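Q: The structure is given below, and queries will be raised subsequently.
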Amino acid sequence: MEIALLPPSADRGVIERVTALVNQVYAESEKGLWRGSADRTSAEEVAGFVRDGEIAAAFVDGDLAGAVRIRRLDDGTGEFGMLAADPARRGLGAGRELVRFAEEASRGAGCRAMQLELLMPREWTHPSKQFLAEWYGRLGYRVTHRADFADDYPQLAPLLATPCDFLIYRKELR
């Protein structure tokens, strides 16, 4: 598996494949959280992240196996999000390796901590979200804050099918 930040000159086909993968993975992992169907991202948004040096992609034999957005929140904190691993390649460790890449990139940029946000339904247990919460815990991430999604994203709250919180996870980088 090869993982690297996509160069700002990444071709449109790669950007579209990353966009499609993120939307496919989030459609499944957030099923029941949104009214109707809602894409997680667009090719235009991903292209902007690529231009900003924020998208890393994993390839196996030249095929896209996963992607993650990496950015700096402040002087000491990096963040990863939009983590997506190809369900057809489950078991190869693409997700774990993308998180490791994000941590190493942030550590190399001088960050002392890594953060992520996980959207969780407030009134019921979502199997994919529960799996992710446990998985992030095994990777060393701990919940440091719970926020009402509607408070942070009032423009998106009406699109939710159920009340949700954002769980803020954090891990110290050594």
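Q: At 1.4 Å probe radius, can you tell me the per residue accessible area of segment 16-56 in Å²?
A: Ligands and nucleic acids excluded, the result is 53 Å² per residue.
Q: Going by average Cβ neighbours within 10 Å, how do the peptides 151-162, 60-71, 103-114 rank, with the highest at the top?
A: 60-71, 103-114, 151-162
Q: Using the Karplus curve 6.51 cos²θ - 1.76 cosθ + 1.60 with θ = phi - 60°, work out ³J(HN,Hα) for each residue of segment 146-156 in order, rounded to whole Hz, and write x for Gly and Pro.
A: 10, 10, 6, 3, 5, 5, 7, 9, x, 6, 9
Q: Roll a 1.4 angstrom probe over the protein heavy atoms and tell me the percent of accessible area of the chain that is carbon or sulfur.
A: The C+S portion of the solvent-accessible surface of the chain is 49 percent.
Q: While we're here: List the residues, sorted by chain then number, that are 5 or more residues from A58 or on another chain and whose placed amide H is less than 5 Å from its amide H.
A: Under 5 Å from the amide H of A58: A65, G66, A67.
Q: Okay, next question. Taking θ as phi - 60°, what are the ³J(HN,Hα) couplings along segment 87-97 by the Karplus curve (6.51, -1.76, 1.60), each to the nearest whole Hz, with x for Gly and Pro?
A: x, 6, 10, 4, x, 7, x, 4, x, 4, 5
Q: Counting Lys and Arg as +1 and Asp and Glu as -1, each charge on the Cβ, what is the dipole of the chain about the Cα centre in debye, to the nearest 20?
A: The dipole of the chain has a size of about 480 debye.
Q: How many angstrom lie between the Cα centre of segment 54-78 and the Cα centre of segment 109-174?
A: Here the two parts' Cα centres lie 18 Å apart.
Q: Still on this structure, I have one more. Percent of alpha carbon pairs in the chain separated by more than 28 Å?
A: For the chain, the share of Cα pairs beyond 28 Å comes to 20 percent.
Q: For the chain, what is the mean residue ellipticity at 222 nm derived from helices alone (per DSSP H run of n ≥ 4: -39500 (n - 2.57); sum divided by total residues; nearest 500 deg cm²/dmol)?
A: -10000 deg cm²/dmol
The values are calculated or read from the model by the stated rules, or taken from the named source; none is laboratory data. On a predicted model such as this, the values are computed, not experimentally measured, just so you know. In this analysis, Cβ positions are derived from the backbone assuming ideal geometry, glycine residues included, and neighbour counts consider all displayed protein chains. Ligands, DNA and RNA are excluded from the accessible area calculation, which covers all protein heavy atoms including side chains. Shrake-Rupley method; radii C 1.70, N 1.55, O 1.52, S 1.80 Å.
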